Amino acid sequence: MANFGYGRVSTAGQTVDNQRLEIERAGFAIEYGFADTVSRSAHAAQRPMFEELLGKLRRNDTVIVAKLDRLGRDAPDVLRTIKALGERRVEVTDHAAA
């Protein structure tokens, strides 16, 4: 069981540092971190680092995000992503869950 952090920003001028800090301040220990800089219009499956994250996840791992909206372009995409991870027995949580 491993903890994977995931962050997303929309422009190259932004960083995921604040998202990482929110997760750490909530008490989560991230073993592997992934971040994408992509437009909000990109579905989760179209993000290169998210795709790499998916390739590393195993049953009983946890994906931790600062906010659930980082997982998709809109609510239906976020729900599809969470459902797909759940089917793989991967837990998804946000920093507020600590």
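Any read-out appearing in this document is the output of simple, stated calculations on the displayed coordinates, not a laboratory observation. Since this is a predicted model, take the numbers as computed values, not measurements. Backbone-built Cβ (ideal geometry, glycine too); neighbour counts: all protein chains shown.
Worth a mention:
- Charge dipole (the chain, unit charges on Cβ, about Cα centre) - positive-most of Y32, G86, M1: G86
- Here the chain carries DSSP beta bridges of which approximately 0% are antiparallel, counting only pairs with both residues inside.
- Under 5 Å, built H, 5+ apart or other chain: amide partners of G7: F34, A35, D36
- If you plug the beta carbon distance of I30 and R59 into 1/(1 + (r/R0)^6) with R0 = 22 Å, you get a FRET efficiency near 0.70.
- Both the radius of gyration and Dmax for region 21-77 are 11.8, 31 Å, in that order, over alpha-carbon atoms.
- Compactness ratio for the chain: Cα radius of gyration over 2.2 N^0.38 Å (N = residue count) comes to 0.97.
- Average Cα contact separation per residue, region 3-97, under 8 Å, 6 or more apart, as relative contact order %: 33
- Dipole of region 37-98, positive end: most advanced residue of G72, N60, M49 [Cβ charges, Cα centre]: N60
- Over all other residues within a Cβ to Cβ distance under 12 Å of V90, the charged ones net out to +3, with Lys and Arg as +1 and Asp and Glu as -1.
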